[in-house]
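**Q** Mind looking over this structure? Questions follow.
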Protein chains: 2
Amino acid sequence: MPRSGFSGSFSSPKIDVVIDMGNPFLNRTVDGFLKIGAVGACKVAAEETFECLHRGDVSKHKVEHALSKMCKEGAYWGTVAGVYVSMVYGVERVRGRSDWKNAMIGGALSGALISGASNSDRGKVVKDAITAGAVATAVEFINCIT
Amino acid sequence: MPRSGFSGSFSSPKIDVVIDMGNPFLNRTVDGFLKIGAVGACKVAAEETFECLHRGDVSKHKVEHALSKMCKEGAYWGTVAGVYVSMVYGVERVRGRSDWKNAMIGGALSGALISGASNSDRGKVVKDAITAGAVATAVEFINCIT
């Protein structure tokens, strides 16, 4: 007996932008910048959409504000990720080993670099480096568990 | 010609605590709690040591304060990690697939849960969930790059 029904499949769109800079170090940095920048921009887009739905008004001004915020935050997330990825790669090359200490050292270096770029208080830079190193280590451990 | 020299090797101490709770879900949660809790406690220890060196005074009161802060922050980091790891595992079991969307959904769920436990403003909970989901996704992507 023939049966009628509905069958469909949904697959999420996949965009994989690969830019070859001719150097593994640069490739990773650009990859990190683009991917994490996109995640940061999506996060702002989701937040602003929720804000608009919550308040119930959408104006041209709001949309413009959201777009500029998306660009800013996306660039910031991308920069942080690019710096971290390149630091970890550099540490891996120098140490010649691939373990969680790379993440710790890379995280601490990038934390110090990013913090040092935005403020000049030496104590705060060291604390930010410690925090970044700890977060990177935690992330590395979580990775092994999940 | 015999040469005299110094040769030594240093290997960092390794402690791997494995507690079998008889259930993969519980095992991961406990594993995440212990490992990330330890990282959080180490972070506070490093910070407080730097503080003491920076100011140049060490007192019994300071050490006690540092120890209590280590316990508090370690427990907080551990709880967050435990919740996240168990959420990702749960999402993986429900979806039957293992990709970056598990991290996103797990991150958003844990963000909502942790934020909802500490405050009751619905808007803030949703924003925290969005941020946590985005951070978890970014971490998953960074993993693939490094």
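Values in this text are rule-based calculations from the coordinates and carry no lab data. These numbers come from a predicted model, not from an experiment. In this analysis, Cβ positions are derived from the backbone assuming ideal geometry, glycine residues included, and neighbour counts consider all displayed protein chains.
**Q** How far is it, in nm, from the label point at residue B:143 to the one at residue A:55 when both lie 7 Å from their Cα along the line to the Cβ?
**A** Reported label-point gap for residue B:143 and residue A:55 is 3.6 nm.
**Q** Hand me the trypsin sites (Lys or Arg not before Pro) from the stretch A:52-141 located in a DSSP loop with no more than 15 other Cβ atoms within 10 Å, in residue order please.
**A** Loop-located and lightly packed - A:97.
**Q** Counting other Cβ atoms within 10 Å of each Cβ, which GluC sites (Glu not before Pro) in the stretch B:54-127 have at most 15 and sit in a DSSP loop?
**A** Sites meeting the loop and neighbour criteria: none at all.
**Q** Could you state the principal axis extents of the C-alpha atoms in the protein assembly as shown, from the largest down, to the nearest angstrom?
**A** The principal-axis extents, from largest down, are 89, 49, 48 Å.
**Q** Ratio of alpha-carbon Rg to the 2.2 N^0.38 Å globular estimate for the stretch A:99-146, to two decimals, please.
**A** The stretch A:99-146 yields a ratio of 1.19.
**Q** Rounded to a whole number of µm²/s, how large is the Stokes-Einstein D of the stretch B:24-82 at 10 °C and 1.306 mPa s, given Rh as the Kirkwood radius over C-alpha pairs?
**A** 132
**Q** What pairs in B:43/B:69; A:72/B:127; A:127/B:62; A:35/A:101; A:124/B:69 have C-alpha atoms more than 22 Å from each other?
**A** The pairs that break the limit, which is 22 Å between Cα atoms, are A:35/A:101.
**Q** Relative contact order for chain B using alpha-carbon pairs under 8 Å, separation at least 6, rounded to a whole percent?
**A** The normalised contact order for chain B reaches 20 percent.
**Q** Using the alpha-carbon centroid of each, what span in Å lies between the stretch A:61-94 and the stretch B:30-50?
**A** Going from one Cα centre to the other spans 27 Å.
**Q** Using a 10 Å Cβ count of at most 11 others and DSSP loop calls, identify the longest part of chain A lacking such chymotrypsin sites (Phe, Trp or Tyr not before Pro).
**A** After excluding every exposed loop site, the longest remaining stretch is A:11-146.
**Q** Need one number for chain A: average projected area of the convex hull over its C-alpha atoms, nm².
**A** Reported value for the Cα convex hull: 16.2 nm².
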